[in-house]
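A short worksheet on the structure shown next.
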Amino acid sequence: MKISFLFHRPAMSGGARVVARYARMLKDRGHEVTLTGLGAPALSWKDRLKRLVVKVPEWREPMSHYTVEGLATNLIDGANALRAVDLPDADIVIATFWRTAEWMAALPPEKGEHVYFVQHHEAEFPHADRARAEETYRANSRIIAVSGWIIDVLKREYGRDDVALVLNAVDPILFAPRAPRTKNPRPTVGFMGSHNSTKRVDIAVRACEILREKFSDLRVRVLAASAPNGAYVMHDWFEPDYNPPQEKLAELYADCDAWLFTSDIEGYGLPLLEAMACGTPLVARPAGAAPDLVTPANGALVDSDDPSHIAEAAARLLSLDPAAWKEMSDAALTTARAHDWNDSFRRFEAALYAAADRNWRYREGSC
C-alpha cells in the first residue's frame, strides 16, 4: 500500500516514537511510506527585515524519532497547515494529531482513505482549541486508539463505537535491564518531570517529600526533557536527567525500586511500559493504560490524587524484603514482554488494510 502519515512538527515525544516505529515497520514490510509535517515556521515581516541587517542562523530540522528510525521526512517550510499539493496520492492517509486530522478532513479522495491514529484525548490538552479538537473525533474517519481509556472516552463523548484498539508496545532491546534486577540497598524511586500540568508532577514531588520522612536516605531520579524553570519543584536532593540519550533510558528506569506515575490524564503513558520492561514495579494513578497494565503482582494502582496515598503505596514497595521485591520486579517484566511490537504491528497493519478495502468492521475496541 501507499501510506501517507501527517505529523505536526518533528518531535522526540513518546507519541512521535510510536508513529515513527510503525512507519519504519510498514516500510520494512514493503509498503510505500511518506511522512509529511511542518518545517521552518513562517517569518513575520519583522523577522524578514532583521535578516537583512543581522546574520540569523538558518532553521534546521531538529532531532526527532523519525530521524532516529532512519526515516526521511517531507517538511513544508513557511506553512501553518498541510494541503493536498504537499502530499502524494496514497491508499491511506493517517492523521497523528488533532490539527493534522483537521488538515486530513479537507483532502480530496485521491490522497487516501482517512485513518486517525489517536494516542490521547487531545481536546483536553491545555493548549488545544477544545471545540475544534472535539470535532475531529466526530469526523468521518476510521480511528485506531492505543488504550482502553481512549476507547471509553470516544464512545462516551462522541458516540464512536467503531474504534480499533491497538495497544502500544515496548522495544525489548532498548528497554530491558542490563543485569538481573535486585532491590537497591538505598531506596530509590523515579518519576517523569514535565511542564504539562496534566502530568501532575506536583503529586510526585510531594509524595517523594513524604517518603523522605520515612526513608531518610531516599534517592529520587527525575527524567525530563528540560529543566523545570519553575513549573515544578526540583529539590537539590533530586537527581535529574535532562533529555538523556535513548540508550540511557533503560539504565535510569532500572536504577529505581519503584516508578511513580501521577498523571491526571494520559492517552497511553509509555513510561508505564518502559519502566516495567526494565523490571521496575509501578505506583500509578489510573490514567491511560495503567488500569490495563498494573496489578497487585507488579505494582500498585492508586485511585487518588492525594500525595500521601501515593507515598504510602510506594513505601510498601520500598519496605518489601529483597525476595518479595524481586517477585514483583519479575512480574513487571513479564507484563511488559507480553506487549510485543510485532503483535501490535500486525494489528495496526490489519486495520490499515481494512480501511483501504473499505471493510472496517471494528466495534467497541475490537482488534
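What follows draws every value from the coordinates through simple rules; no lab data is involved. Because the structure is predicted, anything quoted here is derived from the model rather than measured. Positions of Cβ are backbone-derived with ideal geometry, glycine not excepted, and every protein chain shown enters the neighbour counts.
So here's what we get for this one:
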| item | result |
| --- | --- |
| Neighbour net charge for TYR158 - beta-carbon separation under 9 angstrom, K R +1, D E -1 | +2 |
| Extended-chain gain in nm, criterion 0.36 nm per residue less alpha-carbon gap, LYS155 and GLU32 | 41.0 nm |
| Length-normalised contact order for region 202-326 - Cα pairs under 8 Å, 6+ apart - percent | 24 |
| Cβ-based net charge around ASP28, under 14 Å, with every Lys or Arg adding one and every Asp or Glu removing one | +2 |
| Rounded to 10°, Cα long-axis angle of helix 201-214 versus longest principal axis of the chain | 10 |
| Reachable aspartates and glutamates from LYS27, criterion Cα separation under 13 angstrom, eight or more residues apart if same chain | GLU69, GLU349 |
| Hull volume in cubic angstrom per residue (convex hull over the Cα atoms of the chain) | 148 |
| Partners for LYS111 among aspartates and glutamates (Cα-Cα distance below 15 Å; same-chain residues under 8 apart left out) | GLU32, ASP86, ASP89, ASP91, GLU102, ASP357 |
| Förster-model FRET efficiency, 30 Å R0, SER319 and LYS248, C-beta, rounded to 0.05 | 0.55 |
| Degrees, to the nearest 10: 307-318 long Cα axis against longest axis of the chain | 70 |
| Rounded FRET efficiency, nearest 0.05, which uses the C-beta distance separating LYS326 from TRP59 and R0 of 41 Å | 0.25 |
| Helix 14-28 axis, angle to the chain major axis (alpha carbon atoms, nearest 10°) | 60 |
| In order through region 118-127: 3J(HN,Hα) via Karplus (6.51 cos²θ - 1.76 cosθ + 1.60), integer Hz, x for Gly, Pro | 9, 10, 6, 8, 6, 4, 8, 5, x, 8 |
| Pairwise label distance in nanometres, ARG132 with ASP357, each label 7 Å out on the Cα-Cβ vector | 3.7 |
